[in-house]
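The values are calculated or read from the model by the stated rules, or taken from the named source; none is laboratory data. Please read all numbers here as calculations on a predicted model, not as lab measurements. Note: ideal-geometry Cβ built from the backbone for every residue, glycine included; neighbour counts use all protein chains shown.
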Amino acid sequence: MSESEDVIEEVATEVLPLDAWHRAKGARMVEFAGYWMPIQYEGIMAEHLWVRENAGLFDVSHMGQLVLSGDGVADAIEALVPGDIAALKPGRMRYSMLLADDGGILDDLMITNTGRGLYVVVNGAVKWDDIAHLREHLSDSIDINLLDEDGLLALQGPRAVDALVALGIRPEFDDILPVDQLVFMQAGPYKWGDIRLGISRSGYTGEDGFEISVAAEHIVALADALCALDMVKPIGLGARDSLRLEAGLPLYGHDLDEDIDPVEGDLAFAISKRRREEGGFPGAPRILGHMADGAPRKRVGLLVDGKMPVREGAKLFDGNTEIGVVTSGGFAPSVGAPIAMGYVPTGLSAPGTAVAAEVRGKRVACTVTAMPFIPHRYVRKQGA
């Protein structure tokens, strides 16, 4: 590649507010979802294990942060997703999916009731498609605002809460819980000094943790302050991927896409009881039919025999019959062995079922297993 082609590639890939910060810390930068992002600093395994024991800071500013507002906004968004958004109380969040007309998954997303509207976080690789879909299907009375001047950080790990407390982060209003009293899937407005933050107790590693929305002009100062604490280190995309794989969490564009519906994707939990009874969301006949009668295929976890990793795209076999495909896979540092997830016929999805993956022309024995591979450590409300 010539020097001029290098320049063209650099220009074509967007830069996030923390780009120079990552490079100054020695990050190896890669293109992901149209952005330059850090894949690792010290090494994926070391970073992965650090998050399991301490707290890791991830830059997820490539994600799309949207605010939807207007009369009837919850009912309007319910026409596009299978979750019970109308019942979502202020300060509470819900995982859901943006669905195509036939029930395929266009994206998975997080929806928070802020009390003044809905704050929605969508995947970076498809955020412009999501915005176009929302504009096409929501009425003109619903405003859609992209928070393109805000960054997003994820602070994950058992000591994440200690880090936020150490920084003196406080509620913006008297009726908001202190940050250390939030439980999983709660959110609110907070302040660090005079800087406003939107904080939720959530994340995509399976660990306790928080996501922090902050104005781009303040993100370097916040990242510096967090990483100055002994319990926090910057963590790259490589460890984020291995952590979410151990947690059994799907990645859109790999484990989920518009050909897969929520039941096939093992995400039926996100279809609220009222919506199951009433329907009224895209693809409801297909999805509710799969819930009643079983889907033809299912996303499953796979334990891999031996030490050879099984990667995305590997074909799965039952004897000599090709039955499915691996959608995510790699070495799992906390498990100490290769793991994977993929799709198999529902009749072969029971834990303990023996299958094989094809890697470099050889068959590698695998066993279907329940997920997550590592138990989630979310801080939940007592009795929940």
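Got a sec? Which strands (runs of 3 or more DSSP E) wholly within the stretch 29-101 have at least 3 residues that are more than 23 Å from Ile374 (Cα to Cα)? Explain how you work it out, then say what you get.
Details: elements: 35-40, 55-59, 64-69, 93-99.
Of the strands (runs of 3 or more DSSP E) lying wholly inside the stretch 29-101, those with at least 3 residues that are more than 23 Å from Ile374 (Cα to Cα) span 35-40, 64-69, 93-99.
Which one of these does Ile144 not meet: (1) surrounded by fewer than 19 Cβ atoms within 10 Å (Cβ to Cβ); (2) assigned to a strand (DSSP E or B); (3) out of contact with any helix residue (DSSP H, G or I) (no Cβ under 9 Å at 6 or more places or on another chain); (4) not charged (D, E, K, R)?
(3)
Conditions first: (1) touching a residue at least 60 places away in the same chain (Cβ under 8 Å); (2) in contact with a Phe, Trp or Tyr (Cβ under 9 Å, 6 or more places away or on another chain). Asp150 passes all but one, so which condition is the exception?
Result: Asp150 fails condition (2) only.
Report the residue count in the stretch 314-324 for those that are surrounded by 12 or more Cβ atoms within 10 Å (Cβ to Cβ) and without any contact (Cβ under 8 Å) to a residue 24 or more places away in the chain. Spell out how you get there, then give the answer.
Step one: filter the stretch 314-324 for residues surrounded by 12 or more Cβ atoms within 10 Å (Cβ to Cβ), giving 314-318, 323-324.
The next check asks that each one be without any contact (Cβ under 8 Å) to a residue 24 or more places away in the chain; those that pass are none.
The qualifying residues number 0.
Can you name the residue in the stretch 251-261 that is in contact with a helix residue (DSSP H, G or I) (Cβ under 9 Å, 6 or more places away or on another chain) and surrounded by fewer than 24 Cβ atoms within 10 Å (Cβ to Cβ) and, of all such residues, is farthest from Leu164 (Cα to Cα)? So that I can check it myself, show each step before the final result.
From the stretch 251-261, those in contact with a helix residue (DSSP H, G or I) (Cβ under 9 Å, 6 or more places away or on another chain) are 251-253, 261; that's our starting set.
Filter again for surrounded by fewer than 24 Cβ atoms within 10 Å (Cβ to Cβ), leaving 251-253.
Numbers: Leu251: 27, Tyr252: 29, Gly253: 32 Å.
Step by step, filter the stretch 251-261, then rank; the result is Gly253.
Would the stretch 165-173 turn up any residue that is basic (Lys, Arg) and surrounded by fewer than 17 Cβ atoms within 10 Å (Cβ to Cβ)? Quick ask: steps written out before the conclusion?
Taking the stretch 165-173 and keeping what is basic (Lys, Arg), we get 170.
Imposing the further condition that a residue be surrounded by fewer than 17 Cβ atoms within 10 Å (Cβ to Cβ) reduces the set to 170.
For the stretch 165-173, residues basic (Lys, Arg) and surrounded by fewer than 17 Cβ atoms within 10 Å (Cβ to Cβ): present.
Is it the case that the stretch 340-349 has a residue that's closer than 17 Å to Leu243 by Cβ, outside the structural domain of Gln181 (by TED's automatic domain parsing), in contact with a Cys (Cβ under 9 Å, 6 or more places away or on another chain) and surrounded by 15 or more Cβ atoms within 10 Å (Cβ to Cβ)? Lay out the reasoning, then the answer.
Applying the first criterion (closer than 17 Å to Leu243 by Cβ) to the stretch 340-349 yields 340-341.
Still in the running and outside the structural domain of Gln181 (by TED's automatic domain parsing): 340-341.
Cutting the leftovers down to in contact with a Cys (Cβ under 9 Å, 6 or more places away or on another chain) gives us 340.
Still in the list and also surrounded by 15 or more Cβ atoms within 10 Å (Cβ to Cβ): 340.
Yes - at least one qualifying residue is present in the stretch 340-349.
Can you tell me how many residues in the stretch 80-124 are surrounded by fewer than 20 Cβ atoms within 10 Å (Cβ to Cβ), among the charged types (D, E, K, R) and touching a residue at least 40 places away in the same chain (Cβ under 8 Å)?
Residues that pass the stated criteria total 6.
Which residue is surrounded by the fewest Cβ atoms within 10 Å (Cβ to Cβ), if the candidates are limited to the stretch 186-212 and must be outside any strand (DSSP E or B) and without any contact (Cβ under 8 Å) to a residue 60 or more places away in the chain? Explain how you work it out, then say what you get.
Step one: filter the stretch 186-212 for residues outside any strand (DSSP E or B), giving 193-194, 201-208.
With the extra rule that they be without any contact (Cβ under 8 Å) to a residue 60 or more places away in the chain, the set shrinks to 193-194, 203-204.
Details: Gly193: 13, Asp194: 6, Gly203: 27, Tyr204: 20.
Selected residue: Asp194.
I'd like to verify a number: residues in the stretch 343-384 that are more than 30 Å from Phe210 (Cβ to Cβ), in contact with a Lys or Arg (Cβ under 9 Å, 6 or more places away or on another chain) and either assigned to a strand (DSSP E or B) or touching a residue at least 60 places away in the same chain (Cβ under 8 Å) (or both), how many?
7
When you look at Gly265, is it under 16 Å from Ser349 (Cα atoms), in contact with a Leu (Cβ under 9 Å, 6 or more places away or on another chain) and touching a residue at least 24 places away in the same chain (Cβ under 8 Å), yes or no? It would help to see each step written out before you state the result.
Details: under 16 Å from Ser349 (Cα atoms): yes; in contact with a Leu (Cβ under 9 Å, 6 or more places away or on another chain): yes; touching a residue at least 24 places away in the same chain (Cβ under 8 Å): yes.
Judged against the criteria, Gly265 is a match.
What number of residues within the stretch 129-141 satisfy the criterion of being assigned to a helix (DSSP H, G or I) and either exposed (fewer than 13 other Cβ atoms within 10 Å of the Cβ) or without any contact (Cβ under 8 Å) to a residue 24 or more places away in the chain (or both)? It would help to see each step written out before you state the result.
Our first condition is that a residue be assigned to a helix (DSSP H, G or I); within the stretch 129-141, this holds for 129-137.
Among the residues that remain, those that are also either exposed (fewer than 13 other Cβ atoms within 10 Å of the Cβ) or without any contact (Cβ under 8 Å) to a residue 24 or more places away in the chain (or both) are: 129, 132, 135-136.
The total comes to 4.
Kindly list the number of the only condition in (1) in contact (Cβ under 8 Å) with a residue 60 or more places away in the chain; (2) under 30 Å from Ala46 (Cβ atoms) that fails for Lys307.
(1)
Could you check how many residues of the stretch 213-235 are over 23 Å from Val30 (Cβ atoms) and either in a strand (DSSP E or B) or of a type in the set (Val, Ile, Thr) (or both)?
Within the stretch 213-235, residues that are over 23 Å from Val30 (Cβ atoms) and either in a strand (DSSP E or B) or of a type in the set (Val, Ile, Thr) (or both) number 3.
Pairs needed: first member in the stretch 269-288, within 12 Å of Gly83 (Cα to Cα); second member anywhere, of a type in the set (D, E, K, R) and assigned to a helix (DSSP H, G or I); C-beta distance under 8 Å; at least 6 residues apart or different chains.
Correct list of pairs: Arg275/Glu78; Gly280/Glu78; Phe281/Glu78; Phe281/Arg275.
Taking the condition of being farther than 19 Å from Asp259 by Cα, over 22 Å from the mean Cα position of the chain (by Cα) and surrounded by 19 or more Cβ atoms within 10 Å (Cβ to Cβ), how many residues in the stretch 284-308 meet it?
1
Run down Glu312, Glu278 and say which single residue is farther than 26 Å from Thr205 by Cα and acidic (Asp, Glu).
Details: Glu312 fails: farther than 26 Å from Thr205 by Cα.
Just a single option satisfies the conditions, and that option is Glu278.
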